[in-house]
């Protein structure tokens, strides 16, 4: 239900492939939305979630029922636009309260043509996904019966290469003001800085912000960029970004990744972590309902220490298929899945979780320092 | 934990003592959980607490239970006996931490090689001493508001001249911020600083740049010995900075913080707990820069150097951590206890999911609202302004899927009459209490309703924000509630409209009021339209994992997760928020009822609204519904638990008056009640029926009647003779009960103090000044078991909850005991009691004050019944502990149909134990400015302690010690005795002199003492005339106790008020009953402070000598 008590609400439906229909009211753009339905348990950070490219092709529900309380602000975007295919909430706030807010959640969704639904029993939806696994769904203001029929004919999530829909068209340089065309000079001046390439398979701006804050020259390159082109840019290190979809579909990226490993220090995050594993011959598999939230405990096996992490992934690396040399460095304490790997010989480590947070706990920013430490050591 | 320290095989856990404002049931909850958690780890637990009304002092919770005063000397004796390797003080509130510091300072910890667990000593000091705290924050680079610590008035004035007002004043080392405040004027500044310096045990206060109006945000953080840290929960105070968080409406999780802000404060919190080196839980309070519109309204013209400031750290479990535990399902105390003995977070299983570990952060998929429960329904004339000094006695919590619904349910949970958010009486009540209604929007106990009223009167949200500094988000939500009220007033009720109203938390009663229907009609309409609440689980993980906790809340949504429990079951109706008159004792009973049901193979279904308690711990009952205790919520739960049209029965005997009041509605709705029938309850509660009942049995009661009008009252009083005791019927804790001396007083009472109408009767009884006694008893329909008789030290006229009670009735004659047993047995059987009852008696004839050491003549006495309560009373925990009869448990089994004989009990008086035990009340008067502390028929105490020993004098010494009422040899004592008590007071005066006390007295009293030739110093009552006056001798420490009795004529109350307030503020004993004072001086004469220290079990065994 919209928090306004206006009587002019339009019924909307979330239709799931298991046949269940969840009634609510339309918000955002009044168009149909189609995708894999997933839930995220973060209690804050909806703006970051909406703009996280890893959610491309997905209808996202937040388990926290009150969404939009602090509006939308000009600073907290994680990419150029909304990436979710649709947004499912219990209640959206159309009277947000925050000094930085310049529009409501509903206005933001409308402005980008993204559909939403509110008033849904999102806990019921979450329980369904938890018990039966994630599934395809359709958001519609039309007939739910017709929607169910159409849903069966629509493409499935794991059949789509979603990276192509989110990756940058051209390489760009990150500055304090945001993305700048590549080739322009860094305004910051000063000493020549370490150049870090970030392969954009669906990156979040906060990765770039955190690298930049650590004194790096940060250049984002499109997913298709060949290994030669990347190496030709003389990077001190390469970071493989997070991104959406099944890594099995990304042979064209995996091939390039294979060629850079061992030649430059590499850190992989999330999809980047999976791509590294696949490049070295390991398998990935789909989780029943994934990990999406800001409260996942991850243990560093080397130290025994436990970190609370932000996560957003539906696929995981199969530890039994890891090649010699690539070792599991971190595990998820909830289900024991692989949360990080480290290579014994190469300057290479990966994490399945999001050290860049945004949204989520900032406890793991130290990982970027470890990456830059590895970069420094390698380039010595 | 390093490897060379000895393993922890035995740990001493320090409880928090009596319930006082600032330290309530949350520490029983935390301590009980911790004891269980430690024992799971194979640690032997020694527990000490002076409060018998706690689950933690049950002998099966810890291995060695001591119910003894919480003093350094007592704890040293316990340590010497038990030789624990560690002491865990972090579960005993500020009392526990202060004792830890004192034990260390006294060298006890070193002497016995005891390790302090949980929080390092340095950290306790850092958190409490402002100077240390400031240095600490500076060292770790966390921002704190500009401030200065001062040790004198001169230093304070200097700083004030530098930075200007308003300034916050915080005394060091006081409970619940006692003595603090915000000063906006020079005069306020002088007063608060002076009082703060006095109250601080180290004469130190902190002056701090006022952050009034900023957002107040709290984080609950846990750290283990490996430096792993998590945050359990954050909370946002609806009332911005300026109101003590214990007195604020609190929402979890935060509502108006972006992820960037949430994480900024979370990161700061982790840095702080790491810096402090705490192993366990910690509460961190921070101020966050408010919304720009609020900032404009504040007109502070101050550019802060940070977006947030760290305000305070509680390096222990706290009221907030109890709330966070209940709000999230994450058991902070349990985890903290395990960490204290060396476990790491990920090694501790998450008891909620049964699958995951404790190393994660709970995700909420609902909104939680806490509202404090203030005692101003009892003390309407107290200072109702909310400041940095906490005044609430308890709190309620409500959970729902929208803020509006949670707020409305929490309001219903407060149980202040039937007060919903629709209540419009705030202005009238404020004015009636002599306050300026203009101040209603300042922080006070009525502000929530005042804000709603203002919105209804078209105050704009902006204007309301300008006057309250409450964030616009919360005000918008209130406006949405008002908008729905308008729709319900205006529109025809449709299923859609009703559904929307229910989703905003409107009760059937509210809908009925607005839509011009009876609540029952709304309920029927709901059923016709199939609008029923569903129940969702609090599972720590927002449904991500399947959970095993049976902890639910209601909401209006699609999916119900709580299908009716299969098999036999019963509903236990809890006792709601802790308030004066209905305290933790009732929660104790509810918990035992739930346990007894489960043990008997009957699933226990608990309903309660109080987050502080053991009863709302997720593993206390087979199923927990966190709901308001009103008719609608309880009936909804019963319907949800109904299988094949058979509703489960309800247990109403343990939830205090809350549950008893519900019994009539439940019976009316045709719902079954376990134990005594609603009709039996009605006989005891209806004055007319009760009188007929007693006269049929030939048992005397003081003459009186129930009246419905002023003229009727005057007639009755005339007939029975003054003085009369007057009180509204169906109330608890002697609320609005008074002793009235004449007709004009009676008229005042009936028009000002209460309201008498044909619907709301007032009871008028002849007041009998005599020995008061009470019994708790269990009746199974065949026999009546009386576990013990309690004899009050104070004569009738002092509320039983405020009286000291002696077990086993040492000063009663055998004939009197026989009469009490006979009356109790006959009443129980004739009334048809199944389960518990409590009877209060007054014995006329003989002397009102009796002592085993003072000879008296009780040959010609008559026993009268004052009242019968067909339910568990506040003395159940006490009597259970001193007799080892598990009263609540037996009563529950009786309600299920078992017989006393079948359980191996016989009727009559349970063998009197060879021990003496005294229950003493504890007050929180120093927190309640403007409240008079004299004892009367209206209950005022917030908690109790117990002194138990092999003989009366030891028990009395310990009860007084634990209640801070002890006298010492050579003490100066100030006497101000009303004329009618002067003759009687001579015995006391002689004893005081015998004990070496130096006497000071007001004019009349001094004259009397001098006339008898005894030494006394006269001090004037006139505050302006000469030095020293009565207040001076209190403030300068000349006297360390006060005896001040009242004439009973309320017009002269004011004279003594300053004396009593000064004594309360100095924290010295203030006796307003000669009886209590005599007990105190006799304890001093008899025993000179010597007593035994034993495990509670040991007293119950016959002494071996």
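The values are calculated or read from the model by the stated rules, or taken from the named source; none is laboratory data. Here the structure is a predicted model, which is why all the values come from computation and not from measurement. FYI the Cβ positions are ideal-geometry reconstructions off the backbone, even for glycines, and counts take in every protein chain you see.
Evaluate region B:648-655: report whether one residue or more is under 22 Å from residue B:407 (Cα atoms) and either assigned by TED's automatic domain parsing to the domain that holds residue B:894 or assigned to a loop (DSSP other than H, G, I, E, B) (or both). Within region B:648-655 (the criterion being under 22 Å from residue B:407 (Cα atoms) and either assigned by TED's automatic domain parsing to the domain that holds residue B:894 or assigned to a loop (DSSP other than H, G, I, E, B) (or both)), the answer is no, since none of the residues qualifies. When residues in region A:53-71 are screened for being at the interface with chain B (Cβ under 10 Å from one of its Cβ atoms) and either over 22 Å from residue B:503 (Cα atoms) or in a loop (DSSP other than H, G, I, E, B) (or both), 6 of them pass.
Could you check, for region B:807-828, whether at least one of its residues is part of a strand (DSSP E or B), more than 25 Å from residue B:698 (Cβ to Cβ) and within 31 Å of the chain's Cα centre (by Cα)? Yes, region B:807-828 contains a residue that is part of a strand (DSSP E or B), more than 25 Å from residue B:698 (Cβ to Cβ) and within 31 Å of the chain's Cα centre (by Cα).
Filtered by the rule that a residue be buried (at least 24 other Cβ atoms within 10 Å of the Cβ), assigned to a loop (DSSP other than H, G, I, E, B) and in contact with a helix residue (DSSP H, G or I) (Cβ under 8 Å, 6 or more places away or on another chain), region B:225-243 gives B:238, B:240. Regarding region A:197-209, can at least one residue be identified that is free of Cβ contacts under 8 Å to residues at least 24 places away in the same chain and more than 19 Å from residue A:77 (Cα to Cα)? Within region A:197-209, none of the residues are free of Cβ contacts under 8 Å to residues at least 24 places away in the same chain and more than 19 Å from residue A:77 (Cα to Cα). In region B:526-540, is there at least one residue being more than 21 Å from residue B:642 (Cα to Cα) and not in a loop (DSSP other than H, G, I, E, B)? No; the residues of region B:526-540 include none that is more than 21 Å from residue B:642 (Cα to Cα) and not in a loop (DSSP other than H, G, I, E, B).
If only residues of region B:334-351 that are assigned to a loop (DSSP other than H, G, I, E, B) and away from chain A (no Cβ under 13 Å) are counted, the one that is surrounded by the fewest Cβ atoms within 10 Å (Cβ to Cβ) is B:342.
Search region B:267-293 for residues being more than 31 Å from the chain's Cα centre (by Cα) and assigned to a helix (DSSP H, G or I), and hand back the single one that is farthest from the other protein chains (Cβ to nearest Cβ).
So in region B:267-293, the residues more than 31 Å from the chain's Cα centre (by Cα) come out as B:267-268, B:270-271, B:274-275, B:277, B:289-293.
Next, from what is left, pick out any that are assigned to a helix (DSSP H, G or I): B:267-268, B:270-271, B:274-275, B:292-293.
Numbers: B:267: 5, B:268: 10, B:270: 7, B:271: 11, B:274: 11, B:275: 15, B:292: 4, B:293: 8 Å.
Of everything passing the filter in region B:267-293, B:275 is farthest from the other protein chains (Cβ to nearest Cβ).
For residue B:267, the conditions (1) within 25 Å of residue B:331 (Cβ to Cβ); (2) in contact with a strand residue (DSSP E or B) (Cβ under 9 Å, 6 or more places away or on another chain) are fulfilled apart from (2).
Would you say residue B:238 is under 29 Å from the mean Cα position of the chain (by Cα) and more than 14 Å from chain A (Cβ to nearest Cβ)? Here the answer is no, as residue B:238 does not meet what is asked.
Each row is one residue, and each column tells you yes or no for (1) at pLDDT 95 or above; (2) in the same structural domain as residue A:208 (by TED's automatic domain parsing); (3) outside any strand (DSSP E or B); (4) surrounded by fewer than 22 Cβ atoms within 10 Å (Cβ to Cβ).
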| site | (1), (2), (3), (4) |
| --- | --- |
| A:36 | yes, no, no, no |
| A:42 | yes, no, yes, no |
| A:49 | yes, no, yes, no |
| A:87 | yes, no, no, no |
| A:100 | yes, no, yes, yes |
| A:106 | yes, no, yes, no |
| A:116 | yes, no, no, no |
| A:129 | yes, no, yes, no |
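Scanning region B:499-518 for residues that are surrounded by fewer than 19 Cβ atoms within 10 Å (Cβ to Cβ) and either touching a strand residue (DSSP E or B) at 6+ places or on another chain (Cβ under 6 Å) or at negative phi (or both) returns B:499, B:517, B:518. Residue B:427: farther than 28 Å from residue A:64 by Cβ and part of a helix (DSSP H, G or I), yes or no? The answer is yes for residue B:427.
Return the residues of region A:321-370 that are within 14 Å of chain B (Cβ to nearest Cβ) and more than 24 Å from the chain's Cα centre (by Cα); say none if nothing qualifies. Walk me through it before giving the result.
So in region A:321-370, the residues within 14 Å of chain B (Cβ to nearest Cβ) come out as A:330-337, A:339, A:353-366.
Residues satisfying the conditions do not exist here.
From the residues in region B:551-589 that are part of a strand (DSSP E or B) and within 18 Å of residue B:666 (Cβ to Cβ), which one is nearest to the other protein chains (Cβ to nearest Cβ)? Outline the logic, then answer.
Pass one, region B:551-589, residues part of a strand (DSSP E or B): B:551-555, B:569-573, B:579, B:582.
Keeping just the survivors that are within 18 Å of residue B:666 (Cβ to Cβ) gives B:554, B:569-573.
Values: B:554: 13, B:569: 24, B:570: 28, B:571: 25, B:572: 27, B:573: 27 Å.
Among residues in region B:551-589 that are part of a strand (DSSP E or B) and within 18 Å of residue B:666 (Cβ to Cβ), the one nearest to the other protein chains (Cβ to nearest Cβ) is B:554.
Out of B:478, B:451, B:465, one residue alone is farther than 13 Å from residue B:421 by Cβ and either in a strand (DSSP E or B) or modelled with pLDDT of 95 or more (or both). It is B:465.
Within region B:481-496, being part of a helix (DSSP H, G or I), surrounded by 15 or more Cβ atoms within 10 Å (Cβ to Cβ) and more than 9 Å from every other protein chain (Cβ to nearest Cβ) holds for B:481, B:482, B:485, B:488. Among the residues of region A:17-48, those identified as under 27 Å from residue A:270 (Cβ atoms), facing another protein chain (nearest Cβ under 10 Å) and in contact with a strand residue (DSSP E or B) (Cβ under 6 Å, 6 or more places away or on another chain) are A:39, A:40, A:41, A:42, A:46, A:47. Residue count for region B:387-431, restricted to those that are under 26 Å from the mean Cα position of the chain (by Cα) and away from chain A (no Cβ under 14 Å): 31. All of A:304, A:373 fail the test of being more than 14 Å from chain B (Cβ to nearest Cβ) and modelled with pLDDT of 95 or more, apart from A:373. Look at (1) surrounded by 15 or more Cβ atoms within 10 Å (Cβ to Cβ); (2) free of Cβ contacts under 8 Å to residues at least 40 places away in the same chain; (3) under 35 Å from the mean Cα position of the chain (by Cα) and you find that residue B:1061 fails only one, number (2). Taking only region A:188-238 into account, find how many residues are assigned to a helix (DSSP H, G or I), in contact with a helix residue (DSSP H, G or I) (Cβ under 6 Å, 6 or more places away or on another chain) and either surrounded by fewer than 20 Cβ atoms within 10 Å (Cβ to Cβ) or at pLDDT below 95 (or both). Number of matching residues: 1. At least 3 residues being in contact (Cβ under 8 Å) with a residue 12 or more places away in the chain and farther than 21 Å from residue B:1065 by Cβ is the threshold, and among the strands (runs of 3 or more DSSP E) wholly inside region B:914-999 those reaching it are B:916-922, B:943-949.
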